[in-house]
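A.B. asks: Please find one structure pasted underneath; my questions will follow.
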Amino acid sequence: MSLKIAILPGDGIGPEIVAEAEKVLAELRAGCGFDAEFEHARVGGTAYEAEGHPLPDATLALARAADAILLGSVGGPQWDGLERALRPEQALLALRAELGLFANLRPAILYPQLAGASTLKAEIVSGLDLMIVRELTGGIYFGQPRGIRRRDDGQREGFNTLLYSEHEIERIGRSAFAIAQKRAGRLCSVDKANVLECSELWREVMNRLAGDYPDVELSHMYVDNAAMQLVRAPKQFDVMVTSNMFGDILSDAAAMLTGSIGMLPSASLDASGKGMYEPIHGSAPDIAGQGVANPLATILSVAMLLRYSLDEAALASRVETAVGDVLDRGLRTADIAAAGEQAVSTSAMGDAVVAALRAAQ
Ligand code: IPM
Ligand code: MG
């Protein structure tokens, strides 16, 4: 039985960048003995327009049935005024929750060719290889109760609940320790234990787990300091583990260390390794449809998909090497082009990765 990959292009630049990732998948199928079926479905604002809901039943069913999911991006200003339940972002949150994708891996790797593209000095970021492990199905994103209500004095108030069960902390902690074991063996848990009880429990659980991973060196850092350290001396980190919202924020900061948020892939995994793969950037409505978006984060998400869900580490490495090759050759989309450097289009970048894959066979 062949593997099934669900492809959900989504909104904004999503369809353009996913199209390039599909060229890479097609090349792997044609030339590298990779066997998989691809099936497409709508998600986000595009799905709302066509089917009245950002996550149609058929899309969720396909995502459940697939071995892995490749997603572009969702969202756009035209849908910001919709009631919350119908907004594109809800599709993403529902996919994460429904599929139990609690472990979000966001690697921030600086390609040496792009050291000059970072807004930080090259010596601060060169050689950066950091993995952020973000809890993805709990915390303040999902805690109940939540809402906007009117108080007795007539004022409205908005409220959300930051909540983590010990079990939720333990399972993301174990994922992070296991990843640190396979890397440099250093894990930094990021919390706000000086203020939040939820973080106090988080820290306690991480400390308890550390006993099971004697080969991993665990440290703790408050999130405000972690944000500062990320831009001061990011190479001090190997693996960071943190809650849903802290991870959302820190991973955007980490992305920028690498020159462009257009370079960073992500994997969201369930307990058995099934996953959804997406670039960490958003739908970039301001540049959608212009053919200028960087498809490399999505192409690198394909590499993660091959490695984590399909057990195809060798193919994953080939895709990553092909990306390195096109950067070596000096190809740059606008987001990673230096001042005065000629930028290539989205599809030229995708074609170049395919050509590099083919040349390496
Ligand atoms: C991300 C995004 C999402 C999040 C949004 C689009 C809901 O920012 O994947 O980082 O906050 O998780
Ligand atoms: Mg985010």
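The values are calculated or read from the model by the stated rules, or taken from the named source; none is laboratory data. Remember, it's a predicted structure, so these values are computed and weren't measured experimentally. Cβ: placed from backbone, ideal geometry, glycine included. Neighbour counts: every protein chain shown.
A.B. asks: Given the criteria within 13 Å of ligand 2 (Cβ to nearest atom) and without any contact (Cβ under 8 Å) to a residue 60 or more places away in the chain, does residue 253 qualify?
C.D. replies: Working: within 13 Å of ligand 2 (Cβ to nearest atom): yes; without any contact (Cβ under 8 Å) to a residue 60 or more places away in the chain: yes.
When the stated conditions are applied, residue 253 passes them.
A.B. asks: Being in contact with a helix residue (DSSP H, G or I) (Cβ under 6 Å, 6 or more places away or on another chain) and closer than 24 Å to residue 170 by Cα is the filter; apply it to segment 232-241 and report the residue that is farthest from ligand 2 (Cβ to nearest atom). Walk me through it before giving the result.
C.D. replies: Let us first name the residues in segment 232-241 that are in contact with a helix residue (DSSP H, G or I) (Cβ under 6 Å, 6 or more places away or on another chain), namely 234, 239, 241.
Then keep just the ones that are closer than 24 Å to residue 170 by Cα; that gives 239, 241.
On the way: 239: 19, 241: 17 Å.
Applying the filter and picking the extreme gives 239.
A.B. asks: Also, I was wondering about something else. Could you figure out which of (1) within 16 Å of ligand 2 (Cβ to nearest atom); (2) among the basic types (Lys, Arg); (3) not assigned by TED's automatic domain parsing to the domain that holds residue 330 isn't true of residue 149?
C.D. replies: If we test residue 149 against (1) within 16 Å of ligand 2 (Cβ to nearest atom); (2) among the basic types (Lys, Arg); (3) not assigned by TED's automatic domain parsing to the domain that holds residue 330, just (1) comes out false.
A.B. asks: Any chance segment 46-65 includes a residue that's part of a helix (DSSP H, G or I), surrounded by 15 or more Cβ atoms within 10 Å (Cβ to Cβ) and touching a residue at least 60 places away in the same chain (Cβ under 8 Å)?
C.D. replies: yes
A.B. asks: Determine whether segment 242-250 contains at least one residue that is within 14 Å of ligand 2 (Cβ to nearest atom) and in the same structural domain as residue 21 (by TED's automatic domain parsing). Walk me through how you get there before you give the answer.
C.D. replies: To start, the set of residues in segment 242-250 that are within 14 Å of ligand 2 (Cβ to nearest atom) comprises 242-250.
Next cut, in the same structural domain as residue 21 (by TED's automatic domain parsing) only: none.
Scanning segment 242-250, I find no residue that is within 14 Å of ligand 2 (Cβ to nearest atom) and in the same structural domain as residue 21 (by TED's automatic domain parsing), so the answer is no.
A.B. asks: Going by what's in this entry, would residue 208 be described as basic (Lys, Arg), loosely packed, with under 15 Cβ neighbours inside 10 Å and either closer than 15 Å to residue 139 by Cβ or over 22 Å from the mean Cα position of the chain (by Cα) (or both)?
C.D. replies: Details: basic (Lys, Arg): yes; loosely packed, with under 15 Cβ neighbours inside 10 Å: yes; either closer than 15 Å to residue 139 by Cβ or over 22 Å from the mean Cα position of the chain (by Cα) (or both): yes.
Considered against the rule, which asks whether it is basic (Lys, Arg), loosely packed, with under 15 Cβ neighbours inside 10 Å and either closer than 15 Å to residue 139 by Cβ or over 22 Å from the mean Cα position of the chain (by Cα) (or both), residue 208 comes out as yes.
A.B. asks: So which residues in segment 66-121 are polar (S, T, N, Q) and within 16 Å of ligand 1 (Cβ to nearest atom), if there are any at all? Walk me through how you get there before you give the answer.
C.D. replies: Looking only at segment 66-121, we keep the residues that are polar (S, T, N, Q), and these are 73, 78, 90, 104, 113, 118-119.
73, 78, 90, 104, listed by residue number.
A.B. asks: Then there's this: Could you check how many residues of segment 257-268 are over 27 Å from residue 198 (Cβ atoms) and more than 12 Å from ligand 2 (Cβ to nearest atom)?
C.D. replies: Total satisfying the criteria: 7.
A.B. asks: Right, next: When segment 270-293 is examined, which residues are found to be surrounded by fewer than 23 Cβ atoms within 10 Å (Cβ to Cβ) and among the hydrophobic types (A, V, I, L, M, F, W, C)?
C.D. replies: 271, 287, 288, 292
A.B. asks: Inspect all residues belonging to segment 187-195 and state whether any of them is assigned to a helix (DSSP H, G or I) and among the basic types (Lys, Arg).
C.D. replies: Kept after step one, since they are assigned to a helix (DSSP H, G or I), are these residues of segment 187-195: none.
No, there is no match, as no residue in segment 187-195 is assigned to a helix (DSSP H, G or I) and among the basic types (Lys, Arg).
A.B. asks: Filter segment 328-339 down to residues that are part of a helix (DSSP H, G or I) and surrounded by 21 or more Cβ atoms within 10 Å (Cβ to Cβ), then give me how many there are.
C.D. replies: First, the residues of segment 328-339 that are part of a helix (DSSP H, G or I): 328, 334-336.
Then keep just the ones that are surrounded by 21 or more Cβ atoms within 10 Å (Cβ to Cβ); that gives 336.
Adding up the residues that qualify gives 1.
A.B. asks: Moving on. Consider only pairs whose beta carbons are under 6 Å apart and that are at least six residues apart or on different chains; among these, list those whose first residue lies in segment 266-281 and is within 23 Å of residue 76 (Cα to Cα) and whose second residue is of a type in the set (Phe, Trp, Tyr) and away from ligand 2 (no atom under 16 Å from the Cβ).
C.D. replies: Qualifying pairs under 6 Å: 267/308.
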